[in-house]
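Just so it is clear, none of the values below were taken in a lab; they were calculated from the coordinates. From a predicted model like this one, the values you see are computed outputs, not experimental measurements. Heads up, the Cβs are rebuilt from the backbone with ideal geometry, glycines too, and the neighbour counts pull from every protein chain shown.
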Amino acid sequence: MAKKIEEYYVPWVKGIPMYISEHIEKAWRNPALHRMMSNENPNAPSQKVLDAMVKYSKMANRYPDQGLVVRTKIAEINKLDGPQNVMLGNGSSEVYDNVFRMFIAPGDEVIQHTPCFGIYGLRGKLLGATMVNVPMVYKDKYLHYDPDSILKAVTPKTKIIVVANPNNPTGNFMDAKHFVTIAETGIPFVIDEAYVEFSGLGMSQVALTRKYSNVIVTRTLSKAYGLAGMRFGYALAAKQVIDQIAGSLLPWNVGTIPMWAALAAFEDTEGLAERVHFNNSAVDFITESLSEIPGFVVFPSKANYILFDCGATGKTGKEVLAYAETKGIILRGESQKYGSDGWFRVTIGTQEENRMFVDTVREFFGMKK
Ligand SMILES: Cc1ncc(COP(=O)(O)O)c(C=O)c1O
């Protein structure tokens, strides 16, 4: 008798479903909804980026090259030696896939600092890794990085440590000295800087890649640059590490259009500055407007989202989400943690959406508009 198909699957991939982001599906089906849930940028691409997209769409019959021009530009922005320090991906999510493939065998461990972005776990599990969750510390109503616990979680099986700088959803940065301590372990250390441009590259840990070959910094154009739908991300690391992880790249993984549109986005420094300024003013506006609600905790954010904990008000995050939905606003829920069920996250929207969000939340908590 022939064996069943199930018996042929690699054991650790059995039952892994396709990743579907329900709220994104819903938002595309109903464009009238206010997408304040996925850390997208509310502003459309700049004319310079659009021009590059149109120009290169006319050459879409040709295969892309390996992106030496845009990689050289990225190296220059980050004060690295050259394109040999840069690997391109179809969004930074793909970059984790490439990096993880090069270090992980089934049974190996990946340390992540929770709460954090979910894709590390998804890619890790696909390769048979055990995800080791080290929770951030809840103290004085805020969530803090806990580098000591990260170090204590290291075992001989640890193949990757991943830490976001700043973290999603908490919005804070880890102290620079703690990045050094973790880098000193020699364990492949992925620093996810998806949102760093909102604070400026002065907050980046990219300089560590010059000293520590185990440090790999990841970035994306999905956030401050506002090109999430285009899919463009990259890794920064020492030449010998990029040489090795680039071995896992699918040929032509980044198309000609995203590659040249990305170059236009990097050259459009004004476009980036406008988006960052817009975002940071909106973060201030929402933070100030909602901090007045008694018992409502607003996490100080250095990104394009803000985490809240309304547990002490007697309401749950889910109740806020449901109320916001009645107004057409989609927010992001968070699981119960640290003894509170009051967590939720908002992504900065347009000016009108931010005002609507603030009015909705204030109204829900019985405050004046
Ligand atoms: C911390 C973090 N890293 C990476 C990403 C992935 O970005 P992309 O795959 O669009 O580059 C996200 C997206 O939400 C994120 O929150």
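Taking N as the number of residues in the chain, what value does Rg over Cα atoms divided by 2.2 N^0.38 Å take?
Working: Rg = 21.0 Å, N = 369, 2.2 N^0.38 = 20.8 Å.
That works out to 1.01 for the chain.
What Kirkwood hydrodynamic radius, in Å, does region 47-267 give when the mean of 1/r is taken over all pairs of distinct Cα atoms and then inverted? Write out the running numbers ahead of the final one.
Details: mean 1/r = 0.0564 Å⁻¹.
Across region 47-267, the inverse of the average 1/r is 17.7 Å.
Comparing ALA52, ALA153, ALA32, which has the greatest mean-square fluctuation in the GNM of the chain with Cα pairs linked when under 10 Å apart? Of ALA52, ALA153, ALA32, the most mobile in the Gaussian network model is ALA32. Here the mean projected area of the convex hull built on the C-alpha positions of region 190-330 is 11.5 nm². Springs between Cα atoms under 10 Å define the GNM used for the chain, and in it the highest mean-square fluctuation of LEU263, LEU227, LEU33 occurs at LEU33.
If we count every other residue with Cβ under 11 angstrom of GLU353's Cβ, Lys/Arg +1 and Asp/Glu -1, where does the sum land?
Numbers: positive: ARG35, LYS327, ARG355; negative: GLU352, ASP359.
Computed value for this residue: +1.
Percent of C-alpha pairs per 5 Å bin in region 162-205, short distances first: 5, 23, 34, 23, 12, 3. With the charge dipole of the chain set up from +1 on Lys and Arg Cβ and -1 on Asp and Glu Cβ about the Cα centre, the Cα lying farthest toward the positive end among the listed residues ILE77, MET1, ASN98 is that of MET1. Residues whose amide H lies under 5 Å from that of ASN90, counting only those 5 or more places away or on a different chain, are VAL95, GLY233; hydrogens are built 1.01 Å from N in the peptide plane.
The three principal axes of the C-alpha atoms in region 155-238 carry coordinate ranges of 38, 24, 23 Å, sorted with the longest axis first.
Each label point was placed 7 Å from the Cα along the Cα-to-Cβ direction; for ALA44 and ASN61 their separation is 2.9 nm.
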